[in-house]
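> One structure, pasted below without further comment.
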Amino acid sequence: MMPGIPSYHYTYATLLDRQGRGDEAVAQFTLAIQGDPTDSRYYNNLGIALARQGRRKAAIRQFQQALNIDPHNGNAAQNLLRVNPKN
């Protein structure tokens, strides 16, 4: 798949994730990130989708990346604490 309009992929991924279509959501969030690697929301929501799949380490990496981009992203900080409460 080729990245297109990042916001399209992000919106579509969010809908897929809500429908429980995790693998497809992860693919679409990844395309959104490829199209715009500066939007911390994309990493945060990819982390959520990965966490729902039980992919804790991968989710942690995404939440950390979201916080690297935007240290004030409260959603990513909360999500990171949920999946990694020891740190």
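> Looking only at the range 1-29, count every residue that is surrounded by fewer than 19 Cβ atoms within 10 Å (Cβ to Cβ) and under 11 Å from the mean Cα position of the chain (by Cα) and tell me the total.
2
> Take residue 5 and decide whether it is at pLDDT below 95 and hydrophobic (A, V, I, L, M, F, W, C). Can you show your working first?
On the way: at pLDDT below 95: yes; hydrophobic (A, V, I, L, M, F, W, C): yes.
Against the criterion (at pLDDT below 95 and hydrophobic (A, V, I, L, M, F, W, C)), residue 5 qualifies.
> How many residues are loosely packed, with under 15 Cβ neighbours inside 10 Å and not β-branched (Val, Ile, Thr) if we restrict to the range 30-52?
Residues of the range 30-52 loosely packed, with under 15 Cβ neighbours inside 10 Å: 37-38, 52.
Filter once more, so that each one left must be not β-branched (Val, Ile, Thr): 37, 52.
Adding up the residues that qualify gives 2.
> Filter the range 65-77 down to the residues that are over 12 Å from residue 39 (Cβ atoms) and surrounded by 12 or more Cβ atoms within 10 Å (Cβ to Cβ) and list them by number. Walk me through how you get there before you give the answer.
Start the filter on the range 65-77 by keeping residues that are over 12 Å from residue 39 (Cβ atoms), which leaves 67-68, 71-72, 74-75, 77.
If the condition is that a residue be over 12 Å from residue 39 (Cβ atoms) and surrounded by 12 or more Cβ atoms within 10 Å (Cβ to Cβ), then 67, 68, 75, 77 are the ones that fit.
> Within the range 1-53, how many residues turn out to be of a type in the set (Val, Ile, Thr) and over 21 Å from residue 73 (Cα atoms)?
At the first step, the residues of the range 1-53 found to be of a type in the set (Val, Ile, Thr) are 5, 11, 14, 26, 30, 33, 38, 48.
Among the residues that remain, those that are also over 21 Å from residue 73 (Cα atoms) are: 5.
Total satisfying the criteria: 1.
The values are calculated or read from the model by the stated rules, or taken from the named source; none is laboratory data. Computed from a predicted structure; not experimentally measured. Using ideal geometry, Cβ is built from the backbone for each residue, glycine included, and neighbour counts are taken over all protein chains shown.
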